[in-house]
């Protein structure tokens, strides 16, 4: 099968599946949201990358010798309604690349990435992130069953912590962390992330 190498070869108004996505060899970073191609923001800035590396490192050491694993972008996560069982590539129409994700169910991991919802997703907002993009991801992660979702605002030095309500299928704001707070994941209460330390070296 011929690989797609240029975005111009694709119809941005058409709908695609993960089976199509894996044949693309694009220079642009894209995600697939309910079949539609979404261009990702330009390469993250230094502040974003410092935060990502610091958090990924802290989580990597925390999860050593545990069943959960941490992954950072670029890393494909295939999402679909949590009420559905494992889907074939041709039936998956959403592929995202969260900044950081934690996966505890090893059966969801394969050579391509994660097939199904991670337990915890962390997104670090860049200045290029739009309100629309944030809203879309918020809805996608809830629909697919991501239990915990953090939004990190580097410039405001704030973390919003959302936890999924199983009955409603919607997120509720579990906590806002700022200032001298210590952020604690809902799923992993023995993990402490000190905000002053987290944001200290990312100016």
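What are the residues in region 179-198 that are over 20 Å from the mean Cα position of the chain (by Cα) and surrounded by 15 or more Cβ atoms within 10 Å (Cβ to Cβ), if any? Give the derivation first.
Just the residues of region 179-198 that are over 20 Å from the mean Cα position of the chain (by Cα), to begin with: 179-182, 189-190, 192, 194-197.
Correct list: 181, 195.
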> Take the residues of region 42-68 that are in contact with a helix residue (DSSP H, G or I) (Cβ under 8 Å, 6 or more places away or on another chain) and closer than 18 Å to residue 123 by Cβ: which is modelled with the lowest pLDDT?
Replying inline: 44
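Being touching a residue at least 12 places away in the same chain (Cβ under 8 Å), closer than 22 Å to residue 68 by Cβ and touching a helix residue (DSSP H, G or I) at 6+ places or on another chain (Cβ under 8 Å) narrows it down to one of 140, 109, 187, 191, so name that one.
Answer to the selection: 191.
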> Condition test on residue 127, is it surrounded by fewer than 18 Cβ atoms within 10 Å (Cβ to Cβ) and modelled with pLDDT under 95?
Replying inline: yes
>> Every residue in region 19-43 that is without any contact (Cβ under 8 Å) to a residue 24 or more places away in the chain, surrounded by 14 or more Cβ atoms within 10 Å (Cβ to Cβ) and in a loop (DSSP other than H, G, I, E, B), please.
In response: 26
>> Suppose we filter region 62-92 for residues that are in contact with a strand residue (DSSP E or B) (Cβ under 7 Å, 6 or more places away or on another chain) and either within 15 Å of residue 34 (Cα to Cα) or touching a residue at least 40 places away in the same chain (Cβ under 8 Å) (or both); how many remain?
In response: 9
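Given 80, 16, 61, 54, which one is crowded, with 17+ Cβ neighbours inside 10 Å and farther than 30 Å from residue 168 by Cα? So that I can check it myself, show each step before the final result.
Details: 80 fails: farther than 30 Å from residue 168 by Cα; 16 fails: farther than 30 Å from residue 168 by Cα; 61 fails: crowded, with 17+ Cβ neighbours inside 10 Å.
None of the other options fit; the residue is 54.
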> Going through region 155-169 one residue at a time, which ones are surrounded by 13 or more Cβ atoms within 10 Å (Cβ to Cβ) and either in contact with a helix residue (DSSP H, G or I) (Cβ under 9 Å, 6 or more places away or on another chain) or in a loop (DSSP other than H, G, I, E, B) (or both)?
Replying inline: 157, 158, 159, 162, 164, 169
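The values are calculated or read from the model by the stated rules, or taken from the named source; none is laboratory data. Please read all numbers here as calculations on a predicted model, not as lab measurements. Counting neighbours? That spans all protein chains shown, and the Cβs are built from the backbone with ideal geometry, glycine included.
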